[in-house]
Amino acid sequence: MDGEPSTSAASNANNWRFAQCFGDKGEVDDITEADIISTVEFDHTGDYLATGDKGGRVVLFERNDSKKGCEYKFYTEFQSHEPEFDYLKSLEIEEKINRIKWCKRQNSAHFLLSTNDKTIKLWKVFEKSLKVVSENNLTDGTRPVPPPTISTNLRLPRMTQHDTIVAAVPRKVYANAHAYHINSISINSDGETYISADDLRVNLWNLNISDQSFNIVDIKPANMEELTEVITAAEFHPIHCNLFMYSSSKGTIKLADMRESALCDRHAKLFEEEDDPSNRSFFSEIISSISDVKFSKDGRYILSRDYLSLKIWDVNMDRGPVKTIQIHDHLRGKLCDLYENDCIFDKFECTWSGDGQSVLTGSYQNYFHIYDVNTTNDIVLQADKSAFKAKKIGAGAKPGMKNGTKPGVKDGVNIDAMDFNKKILHGSWHPRENTIAIAATNNLFIFAVDR
């Protein structure tokens, strides 16, 4: 961001290659709704990767050290959430996993938070030895023996290890704190607290206390008819444990300081870009709604995603974004159709690379973009079956194209032929390497830079 020569992942399109694909590779029409991946998250080391799906399941992958490069293998799977029914409000509560966040590892066990619309759970995932009785007074481990006739021949049963399994147990359940749908959870840099955000409130929790939380942001008006905006995402600062930010459907990002007051309704900083009045339309408010916000690793910059663009903000400069990257400018003429088919409400996520030099976000037709924050380089890759078909026949994955010049993307796009059911909403970037995990409907794709 400071104008130095870029050595980012986005500086050479041909380095990126398809590495792996997990999940059923059948046709889109045959996909079971419960198998659609709804969140992806690397842990702090990058050695483990978690996905959550609409069926309430969490699947963990671990790095496969026996393979060259960055490849993963299945680790374990567990049912995190079940469908519920709120009898007081006559509402069904979906089991869909909205977010997963890893706690920093402190021993051999893994701890991670997962949430659906209403309930957050802290899971402990650990390896457990299964032992069996190998010897006793009736068997020597291989065949039966006659029972002992004198007491001196009595033997204590001997246990031997039979197998090692990976177990997942819920250590805490944080329930009944949100009246609206939870859209974000974020663990603090102190490792002790986390925030959860729904449409109108942000709550602060202690990881060790599940029966109480503190409401630190509340934008619910006294009269709900006066409601003009909702909270869309929230995240703690990666270094300063007193700072957090939350974004809104009005296109604003608010930075709040918990040292100022117990209720952080009055923000410390407001990041907002004024609309050009000449471009205002019926869809302006919808497309300006921020779907995701992320701090850079050093906390200096904020990355935000709205329907049409990515914006990078300097935390020290709130008068406007330092960079705006157009993602869906070619769809401006199709907003009416996208409103009709509800695609205009799709919530695309965004993420930083580990070195902060590149950013990642998704698009339609299973395309996703990797941008260099210092230049105009734009790598377009596609997470679809052609990637692993090409790998099977030894052709390698399709190379990414710079600056959106790939046929069918941006300027050369045939928008009428675009499949808006194929979309990349969720992705995660390895914290230390140029490896990314992409959720494409029910498939998990891994892409990496050749080393």
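Can you find, within the stretch 304-357, the residue that is least open to solvent (accessible area, probe 1.4 Å) among those that are basic (K, R) and in contact (Cβ under 8 Å) with a residue 12 or more places away in the chain? Lay out the reasoning, then the answer.
So the first thing to find is which residues in the stretch 304-357 are basic (K, R), and the list is 305, 311, 319, 323, 332, 334, 347.
Within this subset, residues satisfying the condition of being in contact (Cβ under 8 Å) with a residue 12 or more places away in the chain are 305, 311, 323, 332, 334, 347.
On the way: R305: 0, K311: 29, K323: 44, R332: 115, K334: 40, K347: 129 Å².
Looking at the filtered set, the residue picked out is R305.
Among G56, G52, which is the only one that is touching a Pro at 6+ places or on another chain (Cβ under 9 Å) and either open to solvent by less than 20 Å² (accessible area, probe 1.4 Å) or under 23 Å from T361 (Cα atoms) (or both)?
G56
Given the conditions (1) part of a loop (DSSP other than H, G, I, E, B); (2) open to solvent by 20 Å² or more (accessible area, probe 1.4 Å); (3) of a type outside the set (S, T, N, Q), report the number of the one that I290 does not fulfil.
Unmet for I290, out of (1) part of a loop (DSSP other than H, G, I, E, B); (2) open to solvent by 20 Å² or more (accessible area, probe 1.4 Å); (3) of a type outside the set (S, T, N, Q): (2).
Can you tell me which of (1) assigned to a loop (DSSP other than H, G, I, E, B); (2) surrounded by 14 or more Cβ atoms within 10 Å (Cβ to Cβ) is the one N107 doesn't meet?
(2)
Is it the case that some residue within the stretch 131-139 is open to solvent by less than 40 Å² (accessible area, probe 1.4 Å) and in contact (Cβ under 8 Å) with a residue 60 or more places away in the chain?
Checked the stretch 131-139: no residue is open to solvent by less than 40 Å² (accessible area, probe 1.4 Å) and in contact (Cβ under 8 Å) with a residue 60 or more places away in the chain.
So, in the stretch 160-180, exactly how many residues are within 26 Å of S108 (Cβ to Cβ) and touching an Asp or Glu at 6+ places or on another chain (Cβ under 9 Å)?
Keep residues of the stretch 160-180 that are within 26 Å of S108 (Cβ to Cβ), which gives 160-174.
Restricting the remaining residues to those that are touching an Asp or Glu at 6+ places or on another chain (Cβ under 9 Å) gives 160, 164-168, 174.
The number of residues fulfilling the criteria is 7.
Is it the case that the stretch 218-231 has a residue that's open to solvent by 30 Å² or more (accessible area, probe 1.4 Å), without any contact (Cβ under 8 Å) to a residue 12 or more places away in the chain and in a strand (DSSP E or B)?
No, the stretch 218-231 contains no residue that is open to solvent by 30 Å² or more (accessible area, probe 1.4 Å), without any contact (Cβ under 8 Å) to a residue 12 or more places away in the chain and in a strand (DSSP E or B).
Looking only at the stretch 205-215, filter to residues that are part of a strand (DSSP E or B) and either modelled with pLDDT under 95 or not aliphatic (A, V, I, L, M) (or both); which one of those is surrounded by the most Cβ atoms within 10 Å (Cβ to Cβ)?
Checked the stretch 205-215; the qualifying residue surrounded by the most Cβ atoms within 10 Å (Cβ to Cβ) is W205.
For the stretch 140-169, enumerate the residues that are open to solvent by less than 70 Å² (accessible area, probe 1.4 Å) and not small (G, A, S).
D140, V145, P148, T160, T164, I165, V166, V169
Residues to consider are F111, F126; find the one that is within 30 Å of R158 (Cα to Cα), touching a residue at least 24 places away in the same chain (Cβ under 8 Å) and of a type in the set (A, V, I, L, M, F, W, C).
F126
Residues of the stretch 184-197 being open to solvent by 30 Å² or more (accessible area, probe 1.4 Å) and in contact (Cβ under 8 Å) with a residue 40 or more places away in the chain, which ones?
Within the stretch 184-197, the first condition is being open to solvent by 30 Å² or more (accessible area, probe 1.4 Å), and the residues that meet it are 187, 189-192.
Those that are open to solvent by 30 Å² or more (accessible area, probe 1.4 Å) and in contact (Cβ under 8 Å) with a residue 40 or more places away in the chain: I187, S189, D190, G191.
For the stretch 396-424, how many residues meet the condition of being modelled with pLDDT of 80 or more and surrounded by fewer than 23 Cβ atoms within 10 Å (Cβ to Cβ)?
Residues flagged as modelled with pLDDT of 80 or more and surrounded by fewer than 23 Cβ atoms within 10 Å (Cβ to Cβ) within the stretch 396-424 amount to 6.
Take the residues in the stretch 62-104 that are closer than 16 Å to A167 by Cα and in a strand (DSSP E or B); name whichever of them is most open to solvent (accessible area, probe 1.4 Å).
Per the stated criteria, the residue is F74.
Name the pairs whose Cβ atoms lie under 8 Å apart, with the first residue in the stretch 52-65 and at positive phi, the second part of a strand (DSSP E or B), and 6 or more positions between them or separate chains?
Cβ pairs passing all conditions: G56/Q79.
Mind checking which pairs have a first residue in the stretch 11-33 that is of a type in the set (K, R) and a second that is at pLDDT below 90 and not in a loop (DSSP other than H, G, I, E, B), Cβ under 7 Å, 6 or more apart or different chains?
K25/K385
Modelled with pLDDT of 95 or more and open to solvent by less than 10 Å² (accessible area, probe 1.4 Å) - does that describe any residue in the stretch 372-395?
No: zero hits.
Test A179 against the stated conditions and say whether it is open to solvent by 30 Å² or more (accessible area, probe 1.4 Å) and either touching a residue at least 60 places away in the same chain (Cβ under 8 Å) or out of contact with any helix residue (DSSP H, G or I) (no Cβ under 6 Å at 6 or more places or on another chain) (or both).
Against the criterion (open to solvent by 30 Å² or more (accessible area, probe 1.4 Å) and either touching a residue at least 60 places away in the same chain (Cβ under 8 Å) or out of contact with any helix residue (DSSP H, G or I) (no Cβ under 6 Å at 6 or more places or on another chain) (or both)), A179 qualifies.
With (1) open to solvent by less than 40 Å² (accessible area, probe 1.4 Å); (2) in contact with a Lys or Arg (Cβ under 9 Å, 6 or more places away or on another chain); (3) touching a residue at least 40 places away in the same chain (Cβ under 8 Å) as the list, and N242 as the residue in question, which single condition is left unmet?
Tallying (1) open to solvent by less than 40 Å² (accessible area, probe 1.4 Å); (2) in contact with a Lys or Arg (Cβ under 9 Å, 6 or more places away or on another chain); (3) touching a residue at least 40 places away in the same chain (Cβ under 8 Å), N242 fails exactly one: (3).
So is S284 over 30 Å from S213 (Cβ atoms) and open to solvent by less than 90 Å² (accessible area, probe 1.4 Å) or not?
yes
The values are calculated or read from the model by the stated rules, or taken from the named source; none is laboratory data. Keep in mind the model is a prediction, meaning the values are calculated, not measured. Note that each Cβ is placed from the backbone with ideal geometry, even for glycine, and that neighbours are counted across all protein chains shown. Accessible surface areas use protein heavy atoms only, side chains included; no ligands, DNA or RNA. Shrake-Rupley method; radii C 1.70, N 1.55, O 1.52, S 1.80 Å.
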